[in-house]
Amino acid sequence: MNVRFLFNPILFIVLVFAFYSCKKQPGRSEIKTTSSKIIQTSKGPYNPSTPLYWDLVHTKLEVSFDLTKQHLLGKATIKVKPHFYSQNTLQLQAKGFDLHAITYVSGAKITTYTYDSKNISITLDKMYSRSDTLTLVIDYTAKPNDLPKSGSDAITEEKGLYFIDPLNTDPNKPTQIWTQGETQSSPCWFPTLDSPNQRSTQEMLITADKKFQVISNGELIYKTEHADGTITWNWEMKKAHAPYLFMMAVGEFAKVTDTWKDM
């Protein structure tokens with residue numbers, strides 16, 4: 001008896017798949033773990049900007065000098081407005097002054113004020129909003145040589161106002177008066193909101209002996225001669241700038257006039 005085997009293609013395909021499904025699969029690769037290393041970075045102290053409670057709008061300074069005592073006799077007219085939130089107190093920086101009087105010209109009424117040789121703390125009669133502008137007048141005497149000694153590697157003293165040979169006793173030094181406001185020395189010679197993020201326009205009326213030239217920020221508007229042999233120099237700076245940039249220099253400087261294009 002002959003036995004005949006019939007080829008069944010469907011059965012063949014099933015057998016092939018069964019064969020490969022039984023083939024040994026490669027093992028899973030081993031998952032390696034590594035230890036984490038935390039690196040500490042050095043961080044210095046965070047130095048935020050000075051908070052702005054008030055904006056310094058304009059500063060007018062009227063100053064003269066007592067060369068014998070090395071004092072500045074000053075009258076500051078300061079225009080301010082609340083930066084954003086309403087305020088009823090105002091603190092100005094003023095270092096080592098004799099404070100004679102604080103009054104107001106317009107916009108506010110002062111209830112009380114205190115002074116601790118560093119800050120003038122003023123209490124107003126009510127809350128003022130950022131739409132209000134206040135003008136204060138402060139009469140004072142600045143005494144930079146009476147301030148405690150301080151300074152840095154860059155600036156050995158921080159008294160803001162410097163009298164150089166004021167009595168003309170040193171033949172090797174010229175008599176001069178000049179200022180150095182950076183970084184926080186402007187309050188040594190005028191009251192202000194002493195912060196580099198403040199911006200104020202400026203007017204300076206500086207009275208000195210007529211033999212001196214007087215320089216300040218901005219443009220020289222006029223000079224007024226007085227019978228006592230002094231001259232008042234009126235300088236104006238209409239571009240707002242930080243208080244530490246306020247400057248003046250008094251001395252027997254040479255004046256050189258030049259032109260460039262239309263200037």
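What to note about this one:
- Criterion (within 20 Å of HIS71 (Cα to Cα), under 21 Å from the mean Cα position of the chain (by Cα) and of a type outside the set (Lys, Arg)) met by exactly one of GLN176, GLN180, GLN198: GLN180
- Count - residues of region 85-117 that are part of a strand (DSSP E or B), more than 30 Å from GLN213 (Cα to Cα), at pLDDT 95 or above and polar (S, T, N, Q): 5
- Flag for PRO82 being at pLDDT 95 or above, more than 30 Å from GLY229 (Cα to Cα) and within 18 Å of the chain's Cα centre (by Cα): yes
Okay, residues lined up against (1) surrounded by 14 or more Cβ atoms within 10 Å (Cβ to Cβ); (2) touching a helix residue (DSSP H, G or I) at 6+ places or on another chain (Cβ under 7 Å); (3) among the polar types (S, T, N, Q):
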residue	(1), (2), (3)
LYS173	no, no, no
TRP178	yes, no, no
ASN197	no, no, yes
THR207	yes, no, yes
ILE215	yes, no, no
ILE231	yes, no, no
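- Within region 76-110, considering residues that are surrounded by fewer than 19 Cβ atoms within 10 Å (Cβ to Cβ) and among the polar types (S, T, N, Q), the one nearest to THR59 (Cα to Cα): THR77
- Of the residues THR201, THR123, THR183, the single one that is crowded, with 16+ Cβ neighbours inside 10 Å and not acidic (Asp, Glu) is THR201.
- Test: residue in region 158-174 that is free of Cβ contacts under 8 Å to residues at least 24 places away in the same chain and among the acidic types (Asp, Glu): yes
- Residues that are polar (S, T, N, Q) and touching a strand residue (DSSP E or B) at 6+ places or on another chain (Cβ under 6 Å) were ranked within region 196-221; the one that is farthest from THR257 (Cα to Cα) is GLN198.
The values are calculated or read from the model by the stated rules, or taken from the named source; none is laboratory data. Not measured: the values here are computed from a predicted model. Positions of Cβ are generated from backbone atoms using ideal geometry, with glycine treated the same way; all protein chains shown enter the neighbour counts.
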